[in-house]
Amino acid sequence: MHPVQLEYSIPDDTDPQTLAAAIQSHGPSLAESPRTLERRFLDNFDWSLYLAGAALEERHWPDDPEPARYQLLWHDLKQPAGSPIEQWCGSPAGMLDDLAPGPVRERLGPLIGIRRLLPVVTLRGRVHGHRLLNADDKTVVRIMVEDQTRMEAASPADPAAATKTPLSSRLRLQGVRGYERELKAARTLIEDDLGLKPVETPLLMEALACTSLRPGSYSSKLDYQLDPTQRADAATKCILLDLLDTVEANIDGTRSNLDSEFLHDLRVATRRTRSALSQIKGVFADPLVDDYKTRFAWLQQITGPVRDLDVYLLDFPHLRDSLPAPLRPHLDPLRDHILAHYDSTQSQLAAELAGGRFRTLLKDWRAFLEAPVPEPPPAKPSNAGRSIKAVADARVWRMYHRVLDEGRAIRDDSPAEHLHELRKSCKKLRYLLEFFQSLYPKDCVKELIKQLKELLDMLGRFQDQAVQAAHLRETAVEMHREGTGDIDTLLAMGALIGQLLSTQQQARGQFAEVFAHFDNAANGERFEDCFRSKRKREGQQ
Amino acid sequence: MTVLASYSIKGGVGKTATAVNLGWIAAEQGLRTLIWDLDPQGAASWYFRIQSKVKGGGKALLSGKRAPDGQIKGTDFDRLDLLPADFSYRHLDLLLDRTKGSRRQLQQLLEPLGDDYDLILLDCPPGISLVSENVFRAAWGLLVPTIPTPLSVRTLDQLRSFLDQLEPARAPRLLPFFNLVERGKRMHRETMETLPERYPELLPVRVPQASEVERMGLKRMPLPAFAPRHDASVAYRALWDELRRQIEPTPRR
């Protein structure tokens, strides 16, 4: 079905009229009216498509009569000459759920998940189409000559005032199925007579080359390359500066609520910042640490309510499906209730993030992190001048033992708070391992993080189900008070609470086994190999 | 892939115009569409300026000597392809009769095209024959253009009687609609008033009789491509919208 499509670069000094005349002299042809074409190359904030070797192009012809239609084209960047996969839609692409089923959506699903597709590059151009005809005036080959201009909006508030950067013009040769001989003749015209060369760079890459964008530049994953001998205060500043970059990168997306992952990443970076402040001990002065711990706790607190609602909404289909079929429709008022509160909660958050308190926090924090560390290193705090490796060894080893002590103390009848405390310690240990992973053998740390993650997942299930059940109960009281939940809805919510608590109990029952999997001899040796012996060596120097 | 047939026992009811115009609208809306011109007269092929010729004729197709895939031609319109007619299709009944599984041949030929197309429209010759039985087996729905006259209604009754004899799981959905409607004619108005009682499945769209439809042969292109705002084009779009509502989610046959 896919017609053969070939693309050629048109040298800048080529006269368009000479080109058109050459096409017309090839044989019977029909010149079509020029059309304006807008192209957007889309990806999510994580560059998931680009990193998977794909490009998503959205074409739109703004001058065409209503209703507007958008053509989505999925390109394989590894095979630029291959035919793209296409799908049509009635509105610009954004969230996956808003896209009708189709071959492009099918490919997007596993890659973008709940992230919004955002424009990476926007191009605008004119397409001059020519149809080569046979004796029956039937189209046998199509030739499209396209000029392209990259449009960069000066500000989101004023998209009309865009900076325009012209790109090279291209000629597209499109075969018509069943008329291969005619395509071959047209190729001879384009390649031999006109001397045009096939394009080597996909349009997306050419457009990206004239931007400051670096594909794949954003990732919420931690990947620091620390120098083991670096001073601990300087290395800690590097870690915190990177986390600050992540917080800042996610502010606009959070304020305009492009998708829920912006807020999620902002909160994770905030949590990691707080963890680094409290866990990489003795590298900065205590009053400064206390001050910023309080200020970042405030940030965590103001971002909490929207995140809670996001979790509800994201989990809602799963929660609904977990109920027996007759109860499911009765849960819908719960979603309506959440949605009704969402906008005002989100507006409050957006206002806080635009406010002076937040701006000052970011400004002060950046100023501190970017300031050079004092020379010579101060005697106090005591770890500031030590090597980051020595500090990391000590902190990880200590936190590992805290996890062991807390975990081993848990019995079948231990209160839930003990598991909650253990979870907090595990998270601290995980963050430390992630911050410092470049200082240790990769495979070893990777395995330790993996084992820890299993334990954290179980503890997370235990804790989250309880929190969700409690939250659901509060919401039920609220809905009852506001009159938005009838008796059937409240009963369905009750059934859901029962299920959540039952799942929580299942997780509780798995604790001993999962913890034993973490607290085993092989893991102990790994920790010892990585963190203990070297710590001693540091100590002996 | 959904297979729809534009079919009627009676000739001259607008089967080809229906297949050609709906195919164009579906492709314009983004569906990868194939029209198979099964009528040896080759009117659909003519509308698209494509020669009514298949290498090796119907015999080569049915014998498997040549796959339909290699015989398909692109039309002048994006996403719309055509499997041309061939004069040898006038003997298709005889050819089918000689092959094993004579009622499943068409279905088997269409199956490999499932990955390439979202919609296949069969433009069928009139009559009821072994070709028709193949169409009934292959198609999800039979789109039956019906002129609101007693003769046309009679053939619709005949078709329903025939379909009623098929196993329900193997019978296509009957999708009649009023075509070539002349509101000035009393007989048309009366038929359109009374028939829905007997045929609740009648699609709620009436395509008017229009000289513009006849100009398709002159222009050699689908009506909505040269007269997008004409009443008949609007009616075909409404017909497609209604069909799409009934088709989705895409059934597989």
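Bear in mind that the values in this text are calculations on the coordinates, not laboratory data. It should be emphasised that the depicted structure is a prediction, and the values quoted were computed from it without experimental measurement. Cβ: placed from backbone, ideal geometry, glycine included. Neighbour counts: every protein chain shown.
Across chain B, the relative contact order, built from alpha-carbon pairs under 8 Å that are at least six residues apart, equals 27 percent.
Highest mean packing first, where packing is the average number of other Cβ atoms within 10 Å per residue, the peptides B:164-174, A:198-208 line up as A:198-208, B:164-174.
Take every Cα pair under 8 Å whose residues are at least 6 apart in sequence, average their separation, divide by the length of segment A:5-209, and the relative contact order is 25 percent. Listed from fewest to most Cβ neighbours within 10 Å, the set A:LEU123, A:LEU258 follows the order A:LEU258, A:LEU123.
Straight-distance candidates among the aspartates and glutamates for linking to A:LYS446, with alpha-carbon spacing under 18 Å and chain neighbours fewer than 8 residues away dropped: A:ASP223, A:ASP393, A:GLU434, A:GLU454, A:ASP457, A:ASP519, A:GLU525, A:GLU528, A:ASP529. Across segment B:92-97, computed HN-Hα scalar couplings (Karplus, 6.51 cos²θ - 1.76 cosθ + 1.60, θ = phi - 60°) run 4, 4, 5, 4, 5, 4 Hz from first to last residue, x flagging Gly and Pro. Mean sequence separation of contacting Cα pairs (under 8 Å, at least six apart), scaled by the length of chain A, corresponds to a relative contact order of 13 percent. Shielding value for B:81-87 is 1, the average number of Cβ atoms from other chains within 10 Å of each residue's Cβ.
Convex hull volume of the C-alpha atoms in the protein assembly as shown, normalised per residue: 241 Å³.
In nm², what is the average projected area of the convex hull enclosing the Cα atoms of segment A:232-540? Projected area, direction-averaged: 18.2 nm².
Peptide A:133-139 has a mean of 4 when you count, residue by residue, the C-beta atoms of other protein chains within 10 Å of its C-beta. Note on B:LYS15: lysines with a C-alpha under 24 Å away, same-chain residues under 8 apart excluded, are A:LYS138, B:LYS53, B:LYS73, B:LYS185, B:LYS219.
Peptide A:91-103 shows a mean partner chain C-beta count of 1 within 10 Å per residue C-beta. For segment A:389-399, putting each phi into the Karplus relation 6.51 cos²θ - 1.76 cosθ + 1.60 with θ = phi - 60° gives couplings of 5, 5, 5, 4, 3, 5, 5, 5, 4, 5, 5 Hz, in residue order, rounded to whole numbers and with x for Gly and Pro.
P(r) tail for segment B:2-247: Cα pairs beyond 27 Å make up 31% of the total.
For A:LYS164, the lysines whose Cα falls under 26 Å of its own Cα, not counting residues fewer than eight places away in the same chain, are A:LYS197.
Applying the criteria of a DSSP loop state and at most 16 other Cβ atoms within 10 Å to the trypsin sites (Lys or Arg not before Pro) of segment B:6-94 yields B:LYS53, B:LYS55, B:LYS65, B:ARG66. Among the chymotrypsin sites (Phe, Trp or Tyr not before Pro) found in segment A:408-489, not one is both in a DSSP coil and sparsely packed, with 12 or fewer other Cβ atoms within 10 Å of its Cβ. Summed over qualifying helices (DSSP H, 4 residues or more, each -39500 (n - 2.57)) and divided by its residue number, chain A shows a 222 nm mean residue ellipticity of -17500 deg cm²/dmol. Globularity index of segment A:5-209 is 1.08 (Cα radius of gyration / 2.2 N^0.38 Å, N = number of residues).
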